[in-house]
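Trainee: Take this structure first; my questions come after.
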Amino acid sequence: MALGPTPEWVERYQTNTPPVPGWFSDVDLHLFALINEIQLASRVAGDLLEVGAYLGKSAIPLGFMCRENESLTIIDLWDQAAYLEALEHQDRYRGRVSRQEVEARRIAPHNRAEFTANYRRFHDRLPDIRQGLSSEHLTQLPAERFRFIHIDGAHDWGAVSGDLNQALRILLPGGVVVFDDVFHPDWPGIGGAVWPACAKGDLVPIATTNDKLYATRAPSSVSAASIARVVEEDPELLILALEPMFDGDVLMVTGSPPPPPPPPLLGRLLS
């Protein structure tokens, strides 16, 4: 599947300053864009959704991916008091605080106005913004409507299980759902929710990065093989392995290493 170069909006987003605060790697940025192109080539059309937007670092790319006659829905608390209360509850349960939580508290507070300001730096039209718990809003979304879902909300097992079950309900054929921090040691509940769904066949894992797991539902035009073909055309990405898992393959993707620096001038003159 030859899809051409990486969309121009990717570089425009990467080079725009100041960078949007948050956690979203360039590897996942490129992979989001490439999967979007695969869906376009396969004529997969539908809406997009993000659960947990923070200040918009990954929501803004989803806005670029959204085509005419499609919509982007964003669900987030944007309520620092409720967020910190949830973290304190987890602290009491675990007896420790993760580095991610410490960083989140250092950056706090964050709010919906900050998200809106960041989003408007790149887009004229705001997404469908729904403030509150994902459990309150996901049930209101129509079934089999969404082609791309990014789940990066609450990280405990119960919340992720609920988000996953709703994602399966609203994901359309050929759709892709992405889970954040599946491999993070501070958040075992995410893997505890996601991997059983993969083992049962409800989810089909197709790709991983350092931060995220990409999955779909069988049958789907988006697969490890289709992603591998387009990743090979992107100089920013590198395929680490194609790992057999469950009844299929999972593509392990990372960033390409930077080119080696040129030799010192004296060395070049003597060579």
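Trainee: Here are 168, 141, 164, 172: which of them is touching a Phe, Trp or Tyr at 6+ places or on another chain (Cβ under 7 Å), surrounded by fewer than 24 Cβ atoms within 10 Å (Cβ to Cβ) and either without any contact (Cβ under 8 Å) to a residue 24 or more places away in the chain or among the hydrophobic types (A, V, I, L, M, F, W, C) (or both)? Reasoning before the result, please.
Mentor: Working: 168 fails: touching a Phe, Trp or Tyr at 6+ places or on another chain (Cβ under 7 Å); 141 fails: touching a Phe, Trp or Tyr at 6+ places or on another chain (Cβ under 7 Å); 164 fails: touching a Phe, Trp or Tyr at 6+ places or on another chain (Cβ under 7 Å).
Unique residue meeting the criteria: 172.
Trainee: Let me ask something else. Give me the residue from region 33-69 that is crowded, with 21+ Cβ neighbours inside 10 Å and of a type in the set (Ser, Thr, Tyr) and, out of that set, nearest to the chain's Cα centre (by Cα).
Mentor: Ranking the qualifying residues of region 33-69, first place goes to 58.
Trainee: For region 107-117, does any single residue satisfy the condition of being buried (at least 22 other Cβ atoms within 10 Å of the Cβ) and not hydrophobic (A, V, I, L, M, F, W, C)?
Mentor: The answer is no, given that none of the residues of region 107-117 is buried (at least 22 other Cβ atoms within 10 Å of the Cβ) and not hydrophobic (A, V, I, L, M, F, W, C).
Trainee: For region 128-151, give me each residue that is at pLDDT below 95 and either part of a loop (DSSP other than H, G, I, E, B) or within 24 Å of residue 174 (Cβ to Cβ) (or both).
Mentor: Matches in region 128-151: 132, 133, 134.
Trainee: Give all pairs with beta carbons closer than 6 Å in which a residue from region 6-24 that is among the basic types (Lys, Arg) and modelled with pLDDT of 95 or more meets a residue that is part of a helix (DSSP H, G or I) and surrounded by fewer than 19 Cβ atoms within 10 Å (Cβ to Cβ); count only pairs at least 6 apart in sequence or on separate chains.
Mentor: Close Cβ pairs satisfying both conditions: none exist.
Trainee: All but one of (1) within 20 Å of residue 223 (Cα to Cα); (2) buried (at least 23 other Cβ atoms within 10 Å of the Cβ) hold for residue 152; state the number of the condition that does not hold.
Mentor: (1)
Trainee: While we're on this one: In this structure, is residue 73 hydroxyl-bearing (Ser, Thr, Tyr), at pLDDT 95 or above and surrounded by fewer than 16 Cβ atoms within 10 Å (Cβ to Cβ)? Give the steps one after another, and end with the answer.
Mentor: Values: hydroxyl-bearing (Ser, Thr, Tyr): yes; at pLDDT 95 or above: yes; surrounded by fewer than 16 Cβ atoms within 10 Å (Cβ to Cβ): no.
So residue 73 fails the test.
Trainee: Can you name every residue in region 225-257 that is part of a loop (DSSP other than H, G, I, E, B) and among the polar types (S, T, N, Q)? Even if it seems obvious, please write down each step before you answer.
Mentor: As a first pass, look at region 225-257 and keep what is part of a loop (DSSP other than H, G, I, E, B): 232-236, 246-247, 256-257.
256 - this is the single residue of region 225-257 that is part of a loop (DSSP other than H, G, I, E, B) and among the polar types (S, T, N, Q).
Trainee: Still on this structure, please answer the following. Kindly list, by first and then second residue, each pair from a residue in region 60-74 that is assigned to a helix (DSSP H, G or I) to a residue that is polar (S, T, N, Q), limited to pairs with Cβ atoms under 8 Å and residues at least 6 apart or on different chains.
Mentor: 60/118; 65/36
Trainee: Ok, one more. Can you tell me which residue in region 212-228 is surrounded by the fewest Cβ atoms within 10 Å (Cβ to Cβ), limited to those that are among the polar types (S, T, N, Q) and farther than 13 Å from residue 202 by Cα?
Mentor: Of all residues in region 212-228, those among the polar types (S, T, N, Q) come to 216, 220-221, 223, 226.
Keeping just the survivors that are farther than 13 Å from residue 202 by Cα gives 221, 223, 226.
Values: 221: 16, 223: 19, 226: 21.
This residue is 221.
The values are calculated or read from the model by the stated rules, or taken from the named source; none is laboratory data. This one's a predicted model, so the numbers in the text were calculated from it and none came from an experiment. Don't worry about glycine lacking a Cβ; one is built from the backbone with ideal geometry, like all the others, and counts go over all protein chains shown.
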